[in-house]
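So the structure is just underneath, and the comments pick up after that.
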Amino acid sequence: MTADQPMTSNSILMEENAKKTQKIICFLSKVDSQLLEKEVQQSTARSRSEFIRNKLLDRAVTLKYRNVSLDDCTEQLAQLKEELKTACYSFEMAAQKLHQMPRSTDAAHWLISFELERRNLLKQAEKISTYLEKFSSYDWKNQ
């Protein structure tokens, strides 16, 4: 491509895919090298060379970031899921024992136990519902 020809998107793409033959050597201190590695890892660049080339040529560098609020929410939901799973298991076990019991005085004891497990299950479901309402009403754009 000559200097008087206009740059088209096709010619830019061809230039980006062209074989890189020029080398620049740069010496860094350990601290600078660690900072560079940290930035490279936080970016979407496939290699250190690609990251440095993009920085040197003032091209856009896309950085990955973590949304701490969303991470906390995910952690809370995982914990609630485990609590709900435990409550459901206890409820199922109580229901099985209740159905297996002969009709006797022990049935009253198991009915009370069954009712307690049912209330615990409903309390866990209500906790999840409340948390999900809070999560869905959160303004993620303006945090």
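The values are calculated or read from the model by the stated rules, or taken from the named source; none is laboratory data. Since the structure is predicted, the reported quantities are computational estimates derived from the model, not experimental observations. Backbone-built Cβ (ideal geometry, glycine too); neighbour counts: all protein chains shown.
Counting residues in the range 75-93 that are surrounded by 13 or more Cβ atoms within 10 Å (Cβ to Cβ) and in a loop (DSSP other than H, G, I, E, B) gives zero. Scanning the range 70-82 for residues that are acidic (D, E) and at pLDDT 80 or above yields a count of 2. Please indicate, with yes or no, whether at least one residue in the range 12-30 is at pLDDT 85 or above and either part of a helix (DSSP H, G or I) or surrounded by 10 or more Cβ atoms within 10 Å (Cβ to Cβ) (or both). Yes: the range 12-30 contains one or more residues that are at pLDDT 85 or above and either part of a helix (DSSP H, G or I) or surrounded by 10 or more Cβ atoms within 10 Å (Cβ to Cβ) (or both).
Of everything in the range 44-69 that is at pLDDT below 85 and hydroxyl-bearing (S, T, Y), the residue that is farthest from the chain's Cα centre (by Cα) is T62.
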